[in-house]
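Every number in this text was worked out from the coordinates using simple rules, so none of it is lab data. Everything quoted here is computed from the prediction, not taken from an experiment. Virtual Cβ from ideal backbone geometry, glycine too; neighbours counted across all protein chains shown.
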Amino acid sequence: MITFTDKGIYCKQGNFYIDPWKPVEKALITHAHSDHARYGSKQYLCHKFTVPVLRLRLGEIDVQAIEYGEKLYINNVQVSFHPAGHIIGSAQIRLEYKGEVWVISGDYKLSNDLLSTPYECIKCHHFITESTFGLPIYQFQNPQFIYNDINHWWRTNASEGYNTIVLGYALGKSQTILHSLDKSVGNIYLHGAVANINDSLGRVGFHFPGKRVSEENNKLKIERAFISAPPSALNTTWLKKFQPYRIAMCSGWMALRGARRRYGVDKGFVLSDHCDWQQLNDAVAGTGAEDIYVTHGYETPFVKWLKEKFGLRAHEVKTFYSNEESGEDL
Amino acid sequence: MKLFTNLFNEIDSSTKTNIKVEALVHYFQLVSEEDILYAIALLIGNRPRRPVKTSQLKLWAAEMSHIPSWLFDDCYYIAGDLAETITLLLKEHPSSHNESLHDVIKALQQTALLSDEEKKNVITNYWQRFTGNELFVFNKLITGNFRMGVSKQLVVKALAKFLQSDETKIAHQLMGKWNPAEETLATLFSDDITADKHYQPYPFYLAYPLEDDIHTLGDINDWILEAKLDGIRGQIIYRANELYVWSRGEDLLTDKFPEFEKLKNSLPAGTVIDGEIIPFKDNRFLSFNELQTRIGRKNITTKILTEVPVVMVCFDLLEWNGEDIRHQPLSYRRELLENVVKNFNENKILILSQSLHFDKWNEAANYRINARQYGTEGLMLKQKNSPYETGRKRGNWWKWKTGPMTIDGVLLYAQSGHGRRANLFTDYTFAVWDEQKKLLPFTKAYSGLTDKEIIEMDNWIKRNTIEKFGPVRSVKPYHVFEIAFEGIAESTRHKSGVALRFPRILRWRKDKHAEEANTVEELRSLLKNNNHE
């Protein structure tokens, strides 16, 4: 039912693509991160929470919204979207045709970030999974512990007279952090990129604390505050107005010392919107699938592991998804 | 161990010198004398022997984390550090122990006598009791590559503060290989070094590269100019009927260079000479490569001694008749040195580093540009009245090296780096074109790109991999880099037939196609033209 083409993951029977990286007639979109939701397709289909961000990024497009669990038929292929737990509106796409079931999970995580609809395990025959953190050195703590650490750090910094800048991807991580901040500590400010996403998500009922740093309030005295910004803000002059500050990076890569040191930040919080090793293993086992297609990340070792350990038919698939945590946006 | 881990955390999370010094002083104040001694030894790189083999550690860690060894290796390639890999793989659990740093190190040293099975018990037991950063520090101890982000100079500074002593003195007291188990603070920081520790070298005085225009140095007649030679910087010490040869890396090399033993017959007691150990045969210098091969040998055979004999090219005298003369002006020390080389020189194994005479700086500049023709690396510039200082200092001594040789190579293989560069492809192998128009690898280089370029290259490599061999990837021959290096020598160990000295990336030649890279013929002509007879 599914083939991997140079345009992306293609469903021949239904004549549509999932997260294509080249323009096509009909694109089903798992989530709005830029490597999964690309410009130029005629028609888009995505979860209703994804619509405003997709519009923000791709402009005026023809997009149809769908609810989690809602069933839809495209050329006799049953299509449904299910929570992936990656970011708000992120979905796994389930396809069924003549009793054969595929799940294309996009990006996902099993841990609960307290904001996005938690991951739902879907039984299937064929499971397509990413492998961004597909090595056993990646063991992530529950996000709630990390939120506590972040709040604690902010409190300490504030008590010592510092601003707290926390870098995280503008769509996804920034919102989960803002959602779990202890607002009693001080004022919260937003980088424009984060504020734009927040505004879009406001249209589907999600509201976050924080004021946009703009020309109007540029002269404002910002003290002991929390500032949410994307990783691309690191080493830019934009940060100057927050001096004195301490700065942290939130990413799964912060699990590695080398990465932490490379970013040159004061602190690295291991907070990821992807699965760690254990979650990937649990996800694969949970689906009951016997054919596993492993994409972006550590495909080779994860495929070998699945074959050796569980006797699964695991396949390496080359896609053009990077991931927002690969550091490429730095 | 908890306090030492705290110290590690504090030093690791700061880049500021005074915060690190404060953290060290604070640590010294808190812990026992034994812990202080072990900590100093670790911090300045005087590390204990590795108690178990790396291969065993890998095996046990894989077993404990229930993964096959190939997966352990894959994790290691990515994390880029063995201690970190083991730490990340072992499950988080509460810490349960209260052993001090020296308890742990002693326990580890005692495992030397145990069977493999018993060693395994000791190590895995610790793995179950340590957690987080403490586990990481412990793993650093057993993998034997403990580095903490403090320079020796910083430790010296902290100790001077803690002991209310003088930095120069502390630096001297910490020289050489000493065993923390056999020292106390009183013996290690004894006041009378030359008497109590006659084997101890002086801290080396090191020069910075000249940054400013040569004319800012003033009158050339105030300076002594010497050829900069490529060998092993060392000190020859003769005290109390014993002769010692120390390298700048503070390795005791006496046994590696039995040639110097004869100096016992000629040198007066209480003599310390600073110079460069150079391979020298039939009245000419051999290449550094030959010396390197000799150093690598376990046994110094008569064959080696006749094939690659060494001399010391002497440029300074630090002690004479048992008196420390480092505070005396260089011109005075050199006069005495000339006397030593002339009159106390058994077998002519000491050669005086000639001071070169130029009337003007421009003449010196000319020499420097053509230095390779004279078989040297450039010039050393030393103020005539300079004392012999401690460590790397600006002002009185400068090194003024000739420019590097360069060649354009094609990137052929990439491997992920270590430490700061873990998880990124940063270690490259470069190739030049051979006569059959095939690419012939000729060198590796690790540094020279900016962080931004590294990330750009890393992305490209991931997308243009042809084959993977463990941690190494072969890539499409496409990118050309200008490689700079300080020396080139013939080598039978390398396919290309040459070995380079200090190769590094000078520039990413985005303007060049792979076909425009240099050829092996051009590489070999560098070999011919840049090695004097």
Problem - Paired Rg and Dmax values of the protein assembly as shown, which use every Cα atom, in angstrom - result: 31.9, 102
Completion exercise
Taking the reciprocal of mean 1/r across every pair of different Cα atoms in region B:205-401, the Kirkwood radius in Å is 17.5
Exercise for the section: State, to one decimal in nm, how far the label point of B:I295 lies from the label point of A:D291, with both points 7 Å from Cα in the Cβ direction. Expected result: 5.9
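In the structure displayed, which of B:K16/B:K161; A:K318/B:K476; A:K221/B:K16 lie more than 19 Å apart, Cα to Cα? Mind dumping the intermediate values first?
Details: B:K16/B:K161 17 Å; A:K318/B:K476 17 Å; A:K221/B:K16 27 Å.
Over 19 Å apart, Cα to Cα: A:K221/B:K16.
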Practice task
Please give, to one decimal in nm, the separation of the simple spin-label points placed at A:V317 and A:R55, each 7 Å out from Cα toward the Cβ.
Solution key: 3.1
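What full-extension length gain, to one decimal in nm, is calculated for B:S447 and B:E63 as 0.36 nm per residue of separation minus the Cα-Cα distance?
Details: separation 384, 0.36 × 384 = 138.24 nm, distance 3.57 nm.
Extending this stretch completely gives an extra 134.7 nm.
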Handout entry: Contact order normalised by residue count of chain B, Cα under 8 Å, 6+ apart, percent
Key = 12
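How much FRET efficiency would the formula 1/(1 + (r/R0)^6) give for B:R507 and B:N265, where r is the Cβ-Cβ distance and R0 is 60 Å, rounded to 0.05?
On the way: r = 53 Å, r/R0 = 0.89.
Efficiency, from the Cβ-Cβ distance: 0.65.
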Practice task
Output the peptides B:437-443, A:162-168 sorted from most to least packed, where packing is the average of other Cβ atoms within 10 Å over each peptide's residues.
Solution key: A:162-168, B:437-443
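Of B:L317, A:L220, A:L201, how do they rank once you tally other Cβ atoms within 10 Å and put the fewest first? If you can, show how the numbers build up before the last one.
Values: B:L317 26, A:L220 14, A:L201 22.
So the residues, fewest neighbours to most, are A:L220, A:L201, B:L317.
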Fill in the blank from the handout: From the Cα centre of region A:163-202 to that of region B:35-76, the distance in Å is 41
Exercise for the section: Give the span of region B:213-258's Cα atoms along each principal axis, as three whole-Å numbers ordered largest to smallest. Expected result: 44, 23, 16
Handout entry: Two-site label geometry, B:E99 and A:K12: point separation in nm, points 7 Å out along Cα→Cβ
Key = 6.3
Handout entry: Length-normalised contact order for region A:1-58 - Cα pairs under 8 Å, 6+ apart - percent
Key = 23
Exercise for the section: Take the alpha carbon atoms of region B:466-533, find their center, do the same for region A:288-319, and report the distance between the two centers in whole angstrom. Expected result: 38
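Among A:I61, B:I67, which comes first, second and so on when ranked by fewest other beta-carbon atoms within 10 Å? Walk me through the intermediate numbers first.
Working: A:I61 17, B:I67 20.
Taking fewest neighbouring Cβ atoms as first place, the list is A:I61, B:I67.
Can you tell me how much longer the chain between B:S151 and B:N283 gets when fully stretched, taken as 0.36 nm per residue apart minus their C-alpha distance, in nm with one decimal? Don't skip to the end; give the middle numbers.
Working: separation 132, 0.36 × 132 = 47.52 nm, distance 4.00 nm.
Length gained between B:S151 and B:N283: 43.5 nm.
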Problem - Cα Rg, Dmax, region A:110-257, angstrom units - result: 16.7, 58
Exercise for the section: Distance check, please: which entries in B:K197/B:K281; B:K298/B:K495; B:K106/B:K152; A:K7/A:K304; A:K173/B:K444 exceed 28 angstrom between their Cα atoms? Expected result: B:K197/B:K281; A:K173/B:K444
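Would you list B:E118, A:E299 from fewest to most Cβ contacts within 10 Å?
Values: B:E118 11, A:E299 21.
Going from sparsest to densest Cβ surroundings: B:E118, A:E299.
Any idea what the dipole of the protein assembly as shown comes to, in debye rounded to 20, about its Cα centre with Lys/Arg Cβ at +1 and Asp/Glu Cβ at -1?
Numbers: 106 positive and 106 negative charges, 191 e Å.
Dipole of the protein assembly as shown, to the nearest 20 debye: 920 debye.
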Handout entry: Enclosed volume per residue, in Å³, of the convex hull spanned by Cα atoms of region B:407-488
Key = 104
Handout entry: Between helix A:299-310 and chain A: long-axis angle, C-alpha atoms, 0 to 90°, nearest 10
Key = 60
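Give me the number: length gained by fully extending B:R248 to B:E467, i.e. 0.36 nm times residue separation minus the C-alpha to C-alpha distance, one decimal in nm. Walk me through the intermediate numbers first.
Values: separation 219, 0.36 × 219 = 78.84 nm, distance 4.17 nm.
Length gained, B:R248 through B:E467: 74.7 nm.
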Exercise for the section: Report, largest value first, the span of the C-alpha coordinates of region B:2-143 along each principal axis, in whole Å. Expected result: 45, 34, 28
Completion exercise
Per residue, the convex hull enclosing the Cα atoms of chain B spans a volume in Å³ of 183
Exercise for the section: Can you tell me the relative contact order of chain A? Whole percent, Cα pairs under 8 Å, sequence separation 6 or more. Expected result: 17
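Mind listing which trypsin sites (Lys or Arg not before Pro) in region A:70-111 are in a DSSP loop and have 10 or fewer other Cβ atoms within 10 Å?
Details: sites: A:K71, A:R94, A:K98, A:K109; in loops: A:K71, A:K98, A:K109.
Here the sparse-neighbourhood loop sites are A:K98.
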